[in-house]
Amino acid sequence: MGRVVLRAIEVKVNDKWQLLPLATFKNTRYSNKSDDYVDSDKIGNMYQDYIEEASLYFRDYVFDSSINNNMHKPVPNDACEEIKDIISDYTYCVTLSDWAQYAKSLEEKFKKDVAELYYKKHFKIINDKLDCLLQNNVYKAPSEEEIDDEREDLMYLEDEIWHENFNLIIAVNNEYNFIYDLLYAIFENWPDCRLYYFID
């Protein structure tokens, strides 16, 4: 069975941190303290829950234990008791501004990587030829083996840029927009909030 990233949202309302309840049809929720499922409170025809799955890109590229970035922050001491009941030992606390800054850093790196990719893909041979002209040398075309090696390197680089980094930027921006819109839909403003992510 695969691992997923779970998210819980804590908001500060009336100077008190509390979990943002989510409506679900599941009538039980997992309690970390009792290590068992407990009955959920009823909300109309549905039940109260606090966690949901987040993008798998976060599992692979943001919160994985082998990745070193500034998103790895511990749970604050003043977290509400409900969050302590459901989170795991390896939980990271993130704010909306953390996501915005992280998205900006990813976008800056992405722009540099795209420029480097297309430089390597389209301008290297031209520049090599121009260097030979300026130095009065004869241009020596790369061997088929060198061309194949370079083509393979470019394929890996292109795959990393477009299939990993670009999609991660989209996932981060989607996460930010989802939370931002959700808070406004509920509160008609943006109270202080903390987002808890843990891998299950």
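The values are calculated or read from the model by the stated rules, or taken from the named source; none is laboratory data. What you see is a predicted model; the values in this text were computed from it and never measured. Here the Cβ positions follow ideal geometry from the backbone for every residue, glycine too, while neighbour counts run over all protein chains shown.
Summary table
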| read-out | value |
| --- | --- |
| Complete set of residues in segment 183-197 that are under 20 Å from the mean Cα position of the chain (by Cα) and in a helix (DSSP H, G or I) | Leu183 |
| For Val75: the one exception among (1) touching a helix residue (DSSP H, G or I) at 6+ places or on another chain (Cβ under 8 Å); (2) farther than 30 Å from Leu20 by Cα; (3) among the β-branched types (Val, Ile, Thr) | (2) |
| Tally of residues being farther than 22 Å from Leu195 by Cβ and assigned to a loop (DSSP other than H, G, I, E, B) across segment 17-29 | 2 |
| Inter-residue pairs, beta-carbon under 7 Å, first under 18 Å from Met155 (Cα atoms) and in segment 121-143, second assigned to a helix (DSSP H, G or I), 6+ apart | Lys121/Leu154 |
| Residue in segment 157-166 that is more than 15 Å from Asp60 (Cα to Cα) and either at pLDDT 95 or above or in the same structural domain as Leu22 (by TED's automatic domain parsing) (or both) present | no |
| Count of segment 31-53 residues which are surrounded by 17 or more Cβ atoms within 10 Å (Cβ to Cβ), closer than 18 Å to Ile87 by Cβ and either hydroxyl-bearing (Ser, Thr, Tyr) or in contact with a Cys (Cβ under 8 Å, 6 or more places away or on another chain) (or both) | 2 |
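Yes/no matrix, rows are residues, columns are (1) more than 15 Å from the chain's Cα centre (by Cα); (2) among the aliphatic types (A, V, I, L, M); (3) exposed (fewer than 11 other Cβ atoms within 10 Å of the Cβ):
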residue	(1), (2), (3)
Asn136	yes, no, yes
Asn165	no, no, no
Ile170	no, yes, no
Asp181	yes, no, yes
Ile199	no, yes, no
